[in-house]
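The structure appears below as structure tokens.
Throughout, read-outs are computed from the coordinates displayed, never taken from laboratory work. Please read all numbers here as calculations on a predicted model, not as lab measurements. Neighbour counts are summed over all protein chains in view; Cβ atoms, including those assigned to glycine, are modelled from backbone coordinates with ideal geometry.
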Amino acid sequence: MTLRQTGLNTGSHDLPVSPALEAFMGTRWAATPLPADQRVPGHPHFPGRRARLSAAFPGERLVIPAGRLKVRNNDLDHRFRAHSAYVWLTGLTGEDQADHVLVLEPAGPDGHEPVLYLRPRSPRGNHANGTEFYRDRRYGEFWVGRRPDLAEAAQLTGLRTEHLDLLDKLLDGPQPPTRVLAGTDPYVDQATGRPGAATRAEADAELAAVLSELRLVKDHWEVDQLQLAVDHTVTGFEDVVRALPTALRHHRGERWIEGVFDLRARAEGNGTGYSTIVASGAHACVLHWIRNDGPLDPNALLLLDAGVETDTLYAADITRTLPLSGTFSPVQRQAYDLVLAAQSAGIAALRPGARYRDFHQAAMRVIAEGLADWGVLRIPAEDALAEDNGLYRRYTLCGSGHMLGLDYHDCAKARADRYLDGVLEEGMVLTVEPGLYLQPDDETLPVELRGLGVRIEDDLVITADGAHLMSGALPRTAPAIESWMADLLS
Ligand code: GLY
Ligand code: MN
């Protein structure tokens, strides 16, 4: 078993290299040192995070891989995005982090020494791998860009660094009790006997849970990164409104809008934090409509659910539902105002000490009462809200929010007592995003309501006495949306 990719990654159409060319390529390259003061962004925060993880698992080896490249086709890989736990612990975010592994090795009575196992930049010239830099399509510096060498990675992170080859030896040797962030790197899983190590499956699951739970409360630097993600997302939404006249003329206007938003995301950050949802008319009744292959109906609503991911890999997640005519029709306004009232009730329920479920329940109460008032729900709202009933959920389908951070559905492995059944704490960042999804073929609905989909989603950070609306730069009320669109289109 080897963790290191052996041999050159070349393609069937790569031309042979003559000895003369090989000799020539190996010489006369100037040194290109890393600036002496360069560190990963936010570097003062990382040692404290590793110390908190260490304290949770004294005496055990903890193995946290960045993940592996995935082939897209033949010799081309998908763009790489490191696992968020690895990013949270190292600050390393680049596409060059594929295959790297952070190990917290037990050291001292209770502590750990963190060691970063990585694939360093290959030296050029007369060495093993001396042609990799210009011949290897997967890892070569001239194919995919420069990677740090061991000393540079140590400087960037403050971590001890070792060659990935040594991880093979470490994992082949005598193993102390070991927990792995399993399912992230198939080679690491195999080297540590996962799956199949039944006795460790629970231990691994606990490691994943703790890594999620440690990320529930964001530090100030993380909140700043999330605000940056939100700010760029706001700019992307403005770009989209300006692009509406062109998109309305295009036979796949949804796809055009996706491109406009994604251009902003890629230009300002790492890209989008998730696949952009652009849903015209009844497509908005599909929660994650990412096919985005429809035209824009000028008389319908457009649901745009999109978020920029920063270069530090923090994501925003915002939804607005816009009238493509520039003005909500009465029935569109009826649905929009109900969702807005639900969202406002949800936001008002956010404060430290509140139960996580409170904001969802507050929002759903408004929706159920509204649906009962409309005569859509033919039972009293109170009955529909009872846990053993929930009939209103035919029209809402999903929860009203989630944690936000390095992942757009952040802290996904946190246990229920810390998340779903837990309590809000200052520094948590979350979305509030109630919606109404009135399916086009739903015979329980009056015809004029069928095919309406509305979601309003904002990002909030829990403060000492409530919550701060991070995405407040975007309008929320129907009149404010109409005048914002008119301004951008004038
Ligand atoms: N904004 C859609 C979702 O969170 O799934
Ligand atoms: Mn969301």
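Kirkwood Rh and Cα-based Rg: tell me the resulting Rg over Rh for segment 278-372, rounded to two decimals.
1.03
Starting from the Cα-Cα distance between residue 206 and residue 450, subtract it from 0.36 nm times their residue separation and give me the gain in nm to one decimal. Walk me through the numbers before you get to the answer.
On the way: separation 244, 0.36 × 244 = 87.84 nm, distance 4.48 nm.
Working it through step by step, the gained length comes to 83.4 nm.
If you take the alpha carbon radius of gyration of segment 201-286 and divide it by 2.2 N^0.38 Å, what ratio comes out, to two decimals?
Numbers: Rg = 17.8 Å, N = 86, 2.2 N^0.38 = 12.0 Å.
So the Cα radius of gyration is 1.49 times the expected 2.2 N^0.38 Å.
Which semi-axis lengths, in whole Å and largest first, follow from the square roots of five times the eigenvalues of the Cα gyration tensor of segment 450-490?
25, 16, 7
Based on the mean of other beta carbon atoms within 10 Å per residue, what is the order of 270-280, 172-182, most packed first?
The packing order, highest mean first, is 270-280, 172-182.
Taking the number of other C-beta atoms within 10 Å as the exposure measure, put 113, 213 in order starting with the fewest.
113, 213
For a label point 7 angstrom out from the Cα of residue 52 toward its Cβ, which stretches of segment 61-100 have the backbone nitrogen within less than 15 Å?
Within reach of a label on residue 52, which here means backbone N under 15 Å from a point 7 Å along Cα→Cβ, segment 61-100 contributes 85-91.
Compute the projected area of the convex hull of the Cα atoms of segment 170-326, averaged over all viewing directions, and report it in nm² to one decimal place.
For segment 170-326, the mean projected area of the Cα convex hull comes to 12.3 nm².
Over segment 295-334, what is the mean sequence separation of C-alpha contacts under 8 Å (at least six apart), divided by residue count, expressed as relative contact order in percent?
Averaging sequence separation for qualifying contacts and normalising by length gives 42 percent for segment 295-334.
Could you work out the helix-only [θ] at 222 nm for the chain, with each DSSP H run of four or more residues adding -39,500 (n - 2.57) and the total divided by the number of residues, to the nearest 500 deg cm²/dmol? Before the final figure, lay out the partial values.
Details: 15 runs with 173 residues, N = 490.
-11000 deg cm²/dmol, from helical runs alone.
Could you give the radius of gyration (one decimal) and Dmax (whole number) of the Cα atoms in the chain, in Å?
Expressed in Å, the Cα Rg and Dmax of the chain come to 25.6, 85.
Could you order the peptides 333-342, 400-409 from most to least packed, using the average number of other C-beta atoms within 10 Å per residue?
Peptide ranking by packing, descending: 400-409, 333-342.
For segment 236-324, what is the relative contact order in percent, using Cα pairs closer than 8 Å and at least 6 residues apart in sequence? Spell out each step's value before the answer.
Working: 183 pairs, mean separation 25.8, N = 89.
Once normalised by length, the contact order is 29 percent.
Once you wrap a convex hull around the alpha carbon atoms of segment 376-470, what is its projected area averaged over all directions, in nm²?
Working: hull surface 32.3 nm².
Dividing the Cα hull surface by four gives the mean projection, 8.1 nm².
How far is helix 253-268 tilted, in degrees, relative to the longest principal axis of the Cα atoms in the chain, given as a value from 0 to 90 rounded to the nearest 10?
Long axis of 253-268 versus the principal axis of the chain: about 50 degrees.
Can you list the residues, at least 5 places off or on another chain, whose amide H is less than 5 Å from the amide H of residue 272, using H built in the peptide plane?
So residue 272 has HN proximity to 309.
Using a Cα-Cα cut-off of under 20 Å, which lysines could be cross-linked to residue 218, ignoring same-chain neighbours fewer than 8 residues away?
Answer for residue 218, where 20 Å is the Cα cut-off: 413, listed by chain and number.
Jot down the radius of gyration and Dmax of segment 263-307, Cα atoms only, both in angstrom.
Answer for segment 263-307, Rg first and Dmax second: 11.5, 34 Å.
Tell me, Kirkwood radius of segment 35-143 from alpha-carbon pair distances, in Å?
Computed over Cα pairs of segment 35-143, the Kirkwood hydrodynamic radius comes out at 15.8 Å.
How far is the Cα center of segment 129-199 from the Cα center of segment 310-361, in Å?
Using only Cα atoms to place each centre, the spacing works out to 42 Å.
Starting at the first residue of segment 113-127, write each ³J(HN,Hα) from the Karplus equation 6.51 cos²θ - 1.76 cosθ + 1.60 with θ = phi - 60°, in whole Hz, x for Gly and Pro.
10, x, 10, 9, 9, 9, 9, x, 4, 6, x, 8, x, 7, 9
Based on the Cα gyration tensor of segment 376-423, what are the three equivalent ellipsoid semi-axes, each the root of five times an eigenvalue, rounded to whole Å and given largest first?
29, 13, 7
Could you work out how far the C-alpha centroid of segment 397-411 sits from that of segment 445-484, in angstrom?
That distance is 16 Å.
Quick one: 379, 367, fewest Cβ neighbours within 10 Å first, how do they rank?
379, 367
Starting with the highest mean, order 78-91, 13-26 by the number of other Cβ atoms within 10 Å, averaged over the residues of each peptide. Could the numbers behind the result be given before it?
Details: 78-91: 20.7, 13-26: 11.0.
Highest mean packing first, the order is 78-91, 13-26.
In which sequence would 374, 289 go, from the one with the fewest C-beta neighbours within 10 Å to the one with the most?
Ascending Cβ contact count within 10 Å gives the list 374, 289.
In nm, what is the difference between 0.36 nm times the number of residues separating residue 267 and residue 288 and their Cα-Cα distance? Display every interim value, and only then the final one.
Values: separation 21, 0.36 × 21 = 7.56 nm, distance 2.39 nm.
That pair, residue 267 and residue 288, stretches by 5.2 nm at full extension.
Can you give me the relative contact order of segment 16-131 as a percent, contacts being Cα pairs under 8 Å and 6 or more apart?
On the way: 150 pairs, mean separation 32.4, N = 116.
Dividing the mean separation by the residue count of segment 16-131 yields 28 percent.
Sequence-distant or interchain residues sharing an amide H contact under 5 Å with residue 112, placed H: which?
Amide H neighbours of residue 112: 107.
Given the convex hull over the Cα atoms of segment 109-230, what projected area results after averaging over all orientations, in nm²?
Averaging across all directions leaves 11.2 nm² for the Cα convex hull.
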